[in-house]
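The values are calculated or read from the model by the stated rules, or taken from the named source; none is laboratory data. Keep in mind that what you see is a predicted model, and the values were worked out from it rather than measured. Using ideal geometry, Cβ is built from the backbone for each residue, glycine included, and neighbour counts are taken over all protein chains shown.
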Amino acid sequence: MSRAACLLVIISLMSPAAEALDNGLALKPTMGWLHWERFMCNIDCDTDPNNCISERLYMQMADVMVKEGWKEAGYEYVCIDDCWPSHQRDAQGRLQADPKRFPGGIKKLADYIHSKGLKLGIYADVGDKTCAGYPGSLGYYEKDAQTFADWDVDLLKFDGCFMNRALLGEGYINMSKALNNTGRPILYSCEWPLYEWPLKQPNYTAIRETCNHWRNFDDVFDSWSSVKSILDWTAAHQDIIVPAAGPGGWNDPDMLVIGNFGLSHDQQESQMALWAIMASPLLMSNDLRDICPRSKELLQNKRIIDISQDSMGKQGYRTAKGNDFEVWEKPLSKNRLAIAVLNKLETGGPRGFNIGAAPGWKICGPQCNVTQILPQYKEMGVQTQQSKIIVSVNPSGTALLTVTPISSDFRRLHKLNWQGTFVRRKHTIL
Ligand code: GAL
């Protein structure tokens, strides 16, 4: 094997560390909409009927998702977060929706969402109470799982507040079994590792066997510092968490806040690009009824969504950093690679980055085809390992490219690689 060939092994593929939860769901990162970051626990329907947590909000969001191309772009789940239930369970001990805000009840809402060809997600908590103080599921896992199945719910986000941390794992596993026992495929979104990290390093083998995706870190806020902190945490823990991701189970860095108030357009592009590279669930939390055209176009960008949803299902790594740039790379099907270059310098103007310095550029030997997706779509044509392509990256923005090797030699090597050794390059300092 030539030296160049050896280097090809470096950015490579690794099977996820464990079997995924076997419910046939989330074979690609989940796409949809989730109310929390944008609408929080707004239950004041008297003064704010348009934005309060009520059946109307989800119905309107579903309508827009169908009419405005979201569904066609792949966004499928319409998800309720905290603050939907009544503070009291019913006479049979079942959770019930707040009767004033959800007069039709959840089953009817699910029927409506399904009539639009979409799916409905709901929220509950492994402990005594939800984070916002509504009834928790502790002691009611079977009952709640059955209630959600009876309502034809398609996804459960299961939070971890008000729970004895030593019993978190047991709780999450028991709810996973309870959901499975209903016989209805319900996508299971967990926060198990987030609540466990302060205590110990979570067991990602068990988590992957239990959940379809799992939150690891803090809630996303509508700010660049929040998005950055999530990226920093992910990169710092990538050797532990990335191998756990793959079809059926994904690391969840929390919602996309694109289309809200806190991110500049460059920062929105960075979130979209990096969430795709991280093979993250793409759950938007924004107001689809009122979103600026540029944010909409970004969220519906087919080329970025294709990177997220790539059939190989590999989460990318941060492969290099230095000079206030970060390079993140995600192996794609058909031997391709996605490369994101993030400019972390929050001062000055656009800065040039020689894409040949990205570790994954090695696959350009002898030749490759390059497409730039962000900041603008541009076919860059056939390139070689020696090509000097300078991409211009705005402060806190990201350039996103895909690279397709041309050599048939690469394919042979790739096969070898796919079956065998995985050696990931140590962080390069640019
Ligand atoms: C947090 C969770 C958020 C949201 C909130 C609801 O713990 O991480 O995503 O669900 O609770 O109260």
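Out of everything in the stretch 208-230 that is in a helix (DSSP H, G or I) and out of contact with any Pro (no Cβ under 8 Å at 6 or more places or on another chain), what residue ends up being nearest to ASP154 (Cα to Cα)?
First, pick out the residues of the stretch 208-230 that are in a helix (DSSP H, G or I): 208-210, 224-230.
Then keep just the ones that are out of contact with any Pro (no Cβ under 8 Å at 6 or more places or on another chain); that gives 209-210, 224-229.
Details: GLU209: 19, THR210: 16, TRP224: 31, SER225: 33, SER226: 29, VAL227: 28, LYS228: 31, SER229: 31 Å.
Only one residue fits best here, namely THR210.
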* To do: Name the one entry in CYS211, CYS161, CYS190, CYS131 that is at pLDDT 95 or above, out of contact with any helix residue (DSSP H, G or I) (no Cβ under 9 Å at 6 or more places or on another chain) and of a type outside the set (A, V, I, L, M).
  => CYS131
* What are the pairs, 6+ residues apart or on separate chains, where a residue within the stretch 39-61 that is more than 15 Å from TYR123 (Cβ to Cβ) has its Cβ under 6 Å from a residue that is small (Gly, Ala, Ser) and in a loop (DSSP other than H, G, I, E, B)? -> CYS45/SER54
* Asked: Under the condition of being in contact with a Ser or Thr (Cβ under 6 Å, 6 or more places away or on another chain) and of a type in the set (Asp, Glu), which residue from the stretch 74-122 is nearest to the ligand (Cβ to nearest atom)?
  -> ASP82
* Structure fact -> The residue from ASP287, ASP254, ASP266 that alone is in a helix (DSSP H, G or I) and of a type outside the set (Gly, Ala, Ser) is ASP266
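Condition check ((1) buried (at least 18 other Cβ atoms within 10 Å of the Cβ); (2) without any contact (Cβ under 8 Å) to a residue 24 or more places away in the chain; (3) away from the ligand (no atom under 11 Å from the Cβ)) across all residues:
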{"site": "ALA124", "(1), (2), (3)": "yes, no, no"}
{"site": "ASP128", "(1), (2), (3)": "no, no, yes"}
{"site": "TYR134", "(1), (2), (3)": "yes, no, no"}
{"site": "LYS143", "(1), (2), (3)": "no, no, yes"}
{"site": "VAL153", "(1), (2), (3)": "yes, no, yes"}
{"site": "ASP159", "(1), (2), (3)": "yes, no, no"}
{"site": "ARG165", "(1), (2), (3)": "no, no, yes"}
* Within the stretch 174-207, track down each residue that is part of a helix (DSSP H, G or I), farther than 25 Å from GLY32 by Cβ and within 16 Å of the ligand (Cβ to nearest atom). => GLU196
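In the set ASN251, ASN216, ASN260, which member is within 17 Å of LYS28 (Cβ to Cβ) and not small (Gly, Ala, Ser)? Can you show your working first?
Details: ASN216 fails: within 17 Å of LYS28 (Cβ to Cβ); ASN260 fails: within 17 Å of LYS28 (Cβ to Cβ).
None of the others qualify; the one that does is ASN251.
Does ASP22 satisfy being under 28 Å from ASN203 (Cβ atoms), modelled with pLDDT under 95 and not basic (Lys, Arg)? Lay out the reasoning, then the answer.
Numbers: under 28 Å from ASN203 (Cβ atoms): yes; modelled with pLDDT under 95: yes; not basic (Lys, Arg): yes.
The answer is yes for ASP22.
Every residue, every condition in (1) surrounded by 24 or more Cβ atoms within 10 Å (Cβ to Cβ); (2) more than 20 Å from TYR377 (Cβ to Cβ); (3) touching a strand residue (DSSP E or B) at 6+ places or on another chain (Cβ under 9 Å), yes or no:
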residue: ILE240; (1), (2), (3): no, yes, no
residue: ASP254; (1), (2), (3): yes, yes, yes
residue: ASP266; (1), (2), (3): no, no, yes
residue: ALA279; (1), (2), (3): yes, yes, yes
residue: ASP287; (1), (2), (3): no, yes, no
residue: LYS302; (1), (2), (3): no, no, no
residue: ILE305; (1), (2), (3): no, no, yes
* Asked: Can you name the residue in the stretch 212-227 that is in contact (Cβ under 8 Å) with a residue 60 or more places away in the chain and either buried (at least 19 other Cβ atoms within 10 Å of the Cβ) or away from the ligand (no atom under 16 Å from the Cβ) (or both) and is also nearest to the chain's Cα centre (by Cα) among such residues?
  -> HIS213
